[in-house]
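Okay, structure first, notes after.
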Amino acid sequence: MGRKRLITDSFQVVKRQRQDPDTKKGSLQPEVVPVPDDAPPGGSLHPAPLEMLKQFDLSWEYGPCTGITRLQRWERAKSLGLSPPLTVRETLLEREGDPSFMHCLWHDYPL
C-alpha cells in the first residue's frame, strides 16, 4: 500500500492573516430597538403570560407543538380530552393578532 492519505490531499490549505480583535471588519452591531417609556424594566412587555405560554409549549402531555399555532394545539388537546389550562386559551384569545403569542417556542427554527 502507498502512503496514508490526509484530508489536505483533497482540500486546498488556505491560510488567513490574523486580525487584531479590536479592528474586526464587518462586525455586527447590536440592533437598537426603541423601548416605550411605560415599558417595565427587564425588556419584555408581557413576561408573565409569555412565560406561561412557554411552559405550555414545553409540556408534552398536550402533544407536539411544531407546525401549528398554540391555539390549534390547545383546541386539539381539548378535543382529545387532555384538559389543557383555560388560562392559556384566554391569553391567546386576548392577544390573537400578536405573533409572539400565537406561535410556539420553536416557530422560528426550521424543521
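The values are calculated or read from the model by the stated rules, or taken from the named source; none is laboratory data. Treat the numbers as computed from the prediction; the structure is a model and nothing was measured. Note that we place each Cβ from the backbone using ideal geometry, even for glycine, and neighbour counts take in every protein chain shown. Remember, those area values only see protein heavy atoms, side chains included, never the ligands or the DNA or RNA. Shrake-Rupley method; radii C 1.70, N 1.55, O 1.52, S 1.80 Å.
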Original post:
Would the stretch 29-47 turn up any residue that is under 16 Å from the mean Cα position of the chain (by Cα), open to solvent by less than 80 Å² (accessible area, probe 1.4 Å) and modelled with pLDDT of 90 or more?
Top reply: no
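Output the residues belonging to the stretch 95-111 that are part of a helix (DSSP H, G or I) and surrounded by 11 or more Cβ atoms within 10 Å (Cβ to Cβ).
Residues satisfying the conditions are SER100, PHE101, MET102.
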Original post:
Mind checking which residues of the stretch 66-90 are open to solvent by less than 90 Å² (accessible area, probe 1.4 Å), without any contact (Cβ under 8 Å) to a residue 40 or more places away in the chain and not in a helix (DSSP H, G or I)?
Top reply: ILE68, THR69, GLY81, LEU82, SER83, PRO84, PRO85
Original post:
What is the number of the single condition among (1) surrounded by fewer than 12 Cβ atoms within 10 Å (Cβ to Cβ); (2) assigned to a loop (DSSP other than H, G, I, E, B); (3) at pLDDT below 90 that ASP22 does not meet?
Top reply: (2)
Original post:
What do you reckon, is ARG95 modelled with pLDDT of 90 or more, of a type outside the set (A, V, I, L, M, F, W, C) and under 18 Å from the mean Cα position of the chain (by Cα)?
Top reply: no
